Amino acid sequence: MCLIYNAENRAVDAKAHNESLIAHGLTKTYHTGEIEIRALRGVDFELKPGELVVLLGPSGSGKSTLLNILGGLDTPTAGTLTFRDHNLTAADEHGLTMFRREHVGFVFQFYNLIPSLTARENVALVTEIAAAPMSAEEALALVGLEERIHHFPAELSGGEQQRVAIARAIAKQPEVLLCDEPTGALDSKTGILVLAAIERVNRELGTSTAIITHNTIVASMADRVVRIADGLIASTEHNAKRVSASELAW
């Protein structure tokens, strides 16, 4: 996949080019024997530079399928996905791999940290393959874990492990951060700390961020709230003012 670099071989800031991740008419159909499951039914979606979007919907509504396609982890049955004027739906597996490696960070419900590595070493796994990463120490400081960099996952709480996962996702300085139920395995107090870390990344780095959640309280911290039902976008709302994650309660 062709990239845009400046003279220092660093990726050009996405916001400066007013670039969006744009999906048009996405459909996704799965077949189990003779049964056809339509996970997406023609979805149009745009994630704008620096925007924080919350996607709400019940289980089975198509949220995770949409997020996986947006991040290049899956491909649609029909429709198009473009980024930096590249048609990702026409990309081969190598092209999608490069898109994920260079432009997208992922945060999932489960942390997927390597138990035998410290927090710093878990994050450094990403910095070693990224084109223009921040240091592991800097990424961990951004999520409030500068004092825990030498601790192993077993020595960290669930919320701290999730913040290490966020640091790992953003250490390569991706333009896009995709979070699938990042607080799903956490209590409310810990979940708020995790959301605050995501919020800080979005505000300070300008990372375009999409958060999947079933928790409607989280919607108030977004620029835009997208509700998904039965594989379709049911509604889109813009918040006049974003509420800080620290003000949330559930």
In whole Å, what is the distance between the alpha-carbon centres of the range 217-250 and the range 69-84?
23 Å
By a straight-distance test (C-alpha under 17 Å), which aspartates and glutamates pair with K28 as possible cross-link partners, with residues fewer than eight away in the same chain excluded?
E36, D44, D74, D230
With only alpha-carbon pairs counted, each pair once and no self-pairs, how large is the Kirkwood hydrodynamic radius of the chain in angstroms?
18.5 Å
Measuring from label point to label point, each 7 Å out along Cα→Cβ, what is the T216 to A131 span in nm?
4.2 nm
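Give me the net charge for the shell around A78: Cβ to Cβ below 12 angstrom, other residues only, Lys and Arg +1, Asp and Glu -1.
Numbers: positive: K28, R38, R41; negative: none.
Around A78, the surrounding residues sum to +3.
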Filtered hits (aspartates and glutamates, Cα-Cα < 12 Å from K48, offset >= 8 within chain) -> E19, E175, D223
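What ranking do 124-136, 174-186, 208-220, 232-244 get when scored by the average of other Cβ atoms within 10 Å per residue, highest first? Intermediate results must be reported in sequence, preceding the final value.
Details: 124-136: 16.0, 174-186: 22.8, 208-220: 20.6, 232-244: 12.0.
Per-residue Cβ counts within 10 Å, averaged per peptide and sorted highest first, yield 174-186, 208-220, 124-136, 232-244.
Bear in mind that the values in this text are calculations on the coordinates, not laboratory data. Remember, predicted model here, so these are calculated numbers, not experimental data. FYI the Cβ positions are ideal-geometry reconstructions off the backbone, even for glycines, and counts take in every protein chain you see.
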